[in-house]
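A.B. asks: Mind looking over this structure? Questions follow.
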Amino acid sequence: MGVMMQTFYWDCPRAEGKEFQWWNYIREQVPALAKAGFTSLWLPPAHKAANLAGPSMGYDPYDYYDLGEFDQKGGVPTWFGTRAELESLIQAAHSHKLSVIADMVFNHNSGADAQELNPILNQMRWTLFTPKSGKFARNWECFHPSKYESWDEMTFGDMPDLSHRNPYVFNELINLARWLIEEIRFDGFRYDFVKGFNSATIQA
C-alpha cells in the first residue's frame, strides 16, 4: 500500500511562477511530501515537446530522449527544467524513500521536422522526425496508416498516431522504457491515453 502524489496540474509552471524550474520546485518539496506520508511521485512527461514555445505540458511528444539537454523546439530545457535538474529531483526522492513515476505518452507524436508522402493515402503528412538526441528517428511507416496498419485511427489533436505494430516502433518504445528505468532511474510508468494502442506494448 502507498499514497501517490500527482506533482503537477495543467499549466502549473506558469500558474506557480516556476516556468523552466518545476523540477527544482518539486525537489524542494520532497522532504515535506515524504513527511506527510506520500510514498511515490507522479511527474509530468519529461521529454521535449513540440510546442515548447507555447509552452507545453509534454503531451505533444517530439524527442523522447531529450529531457532538457538539446537546443531544439525553442530551447534547451523542457518547460519543467533540464535533465540534470530532473535527475537531481529523482535522486532526492529516492533518498527520502519515494518512488518516481514517469508519464509515458506513447499514443501519438507532434512537431515533425518535415512533411513526406504517405503512399497509402497519396497525401503529404507531417511524419518525418529527426530529433537532435539522435535516437528514435521516425518516418511515415512509424504512424497510421502503413503496411502495419490497414486503417487510419485518425489523429489525437492533429497529432499522428504511432503504429505499435511496426517492429521498429515497438522495439524503440521498449528501449525507451528500459532507458528511463536503468539510466534516468524512474521506478514505474503511467501511460497516457492507454486505450489508443495495443496492450502488448504495456505487457512487454
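Nothing in this text is a laboratory measurement; each read-out follows from the coordinates by a stated rule. Please read all numbers here as calculations on a predicted model, not as lab measurements. Note that each Cβ is placed from the backbone with ideal geometry, even for glycine, and that neighbours are counted across all protein chains shown.
A.B. asks: Does Glu141 count as over 18 Å from the mean Cα position of the chain (by Cα) and part of a strand (DSSP E or B)?
C.D. replies: Details: over 18 Å from the mean Cα position of the chain (by Cα): yes; part of a strand (DSSP E or B): no.
So Glu141 does not fit the description; no.
A.B. asks: Follow-up. Asn51 versus (1) at negative phi; (2) buried (at least 21 other Cβ atoms within 10 Å of the Cβ): which is the lone unmet condition?
C.D. replies: (2)
A.B. asks: Oh, and also: So, in region 1-42, exactly how many residues are part of a loop (DSSP other than H, G, I, E, B), touching a Lys or Arg at 6+ places or on another chain (Cβ under 9 Å) and closer than 17 Å to Thr82 by Cα? Even if it seems obvious, please write down each step before you answer.
C.D. replies: In the first step, residues of region 1-42 are kept if they are part of a loop (DSSP other than H, G, I, E, B); the result is 1-3, 7-11, 16-21, 37-39.
Subset that is touching a Lys or Arg at 6+ places or on another chain (Cβ under 9 Å): 39.
From what is left, the residues that are closer than 17 Å to Thr82 by Cα are none.
Here the count works out to 0.
A.B. asks: May I pose another question? Kindly provide the set of residues from region 3-34 that are at positive phi and not charged (D, E, K, R), ordered by number. First the steps, then the outcome.
C.D. replies: Residues of region 3-34 at positive phi: 11, 17, 20.
Of everything in region 3-34, those that are at positive phi and not charged (D, E, K, R) turn out to be Gly17, Phe20.
A.B. asks: Follow-up question, since we're still on this one. Filter region 109-137 down to the residues that are touching a Ser or Thr at 6+ places or on another chain (Cβ under 7 Å) and under 23 Å from Leu67 (Cα atoms) and list them by number.
C.D. replies: Listed by number, the residues that qualify are Ala112, Asp113, Ala137.
A.B. asks: Which one of these is within 24 Å of Pro61 (Cα to Cα) and either basic (Lys, Arg) or out of contact with any helix residue (DSSP H, G or I) (no Cβ under 8 Å at 6 or more places or on another chain) (or both): Trp10, Trp22?
C.D. replies: Details: Trp22 fails: either basic (Lys, Arg) or out of contact with any helix residue (DSSP H, G or I) (no Cβ under 8 Å at 6 or more places or on another chain) (or both).
None of the other options fit; the residue is Trp10.
A.B. asks: Is at least one residue of region 114-126 on the phi > 0 side of the Ramachandran plot and either of a type outside the set (A, V, I, L, M) or touching a residue at least 40 places away in the same chain (Cβ under 8 Å) (or both)?
C.D. replies: The answer is yes; a qualifying residue exists.
A.B. asks: Still on this structure, please answer the following. Restricted to region 80-99, and to residues that are assigned to a helix (DSSP H, G or I) and not small (Gly, Ala, Ser), which residue is farthest from the chain's Cα centre (by Cα)? Let's see the steps before the verdict.
C.D. replies: Quick first cut of region 80-99, residues assigned to a helix (DSSP H, G or I) only: 83-95.
Imposing the further condition that a residue be not small (Gly, Ala, Ser) reduces the set to 83, 85-87, 89-91, 94.
Working: Arg83: 13, Glu85: 16, Leu86: 13, Glu87: 15, Leu89: 17, Ile90: 16, Gln91: 20, His94: 21 Å.
If we take residues in region 80-99 being assigned to a helix (DSSP H, G or I) and not small (Gly, Ala, Ser), then His94 is farthest from the chain's Cα centre (by Cα).
A.B. asks: Pull up region 60-79, narrow it to residues that are within 18 Å of Asn109 (Cα to Cα) and outside any loop (DSSP other than H, G, I, E, B), then point me to the one that is farthest from the chain's Cα centre (by Cα).
C.D. replies: Gln72
A.B. asks: Filter region 100-136 down to the residues that are in a loop (DSSP other than H, G, I, E, B), touching an Asp or Glu at 6+ places or on another chain (Cβ under 9 Å) and under 30 Å from Leu89 (Cα atoms) and list them by number.
C.D. replies: Of all residues in region 100-136, those in a loop (DSSP other than H, G, I, E, B) come to 105-107, 109-113, 119-122, 130-136.
The next check asks that each one be touching an Asp or Glu at 6+ places or on another chain (Cβ under 9 Å); those that pass are 105-107, 109-111, 120-121, 130-133, 135-136.
Matches in region 100-136: Val105, Phe106, Asn107, Asn109, Ser110, Gly111, Thr130, Pro131, Lys132, Ser133, Lys135, Phe136.
A.B. asks: Identify, please: which residue in region 64-123 is among the polar types (S, T, N, Q) and in contact with a strand residue (DSSP E or B) (Cβ under 7 Å, 6 or more places away or on another chain) and is, among those, farthest from Glu19 (Cα to Cα)? Outline the logic, then answer.
C.D. replies: Step one: of region 64-123, the residues among the polar types (S, T, N, Q) are 72, 78, 82, 88, 91, 95, 99, 107, 109-110, 115, 118, 122-123.
Next, only the ones that are in contact with a strand residue (DSSP E or B) (Cβ under 7 Å, 6 or more places away or on another chain) stay: 72, 78, 99, 107, 109-110, 115, 118.
Values: Gln72: 17, Thr78: 9, Ser99: 24, Asn107: 26, Asn109: 23, Ser110: 21, Gln115: 31, Asn118: 38 Å.
Here the answer is Asn118.
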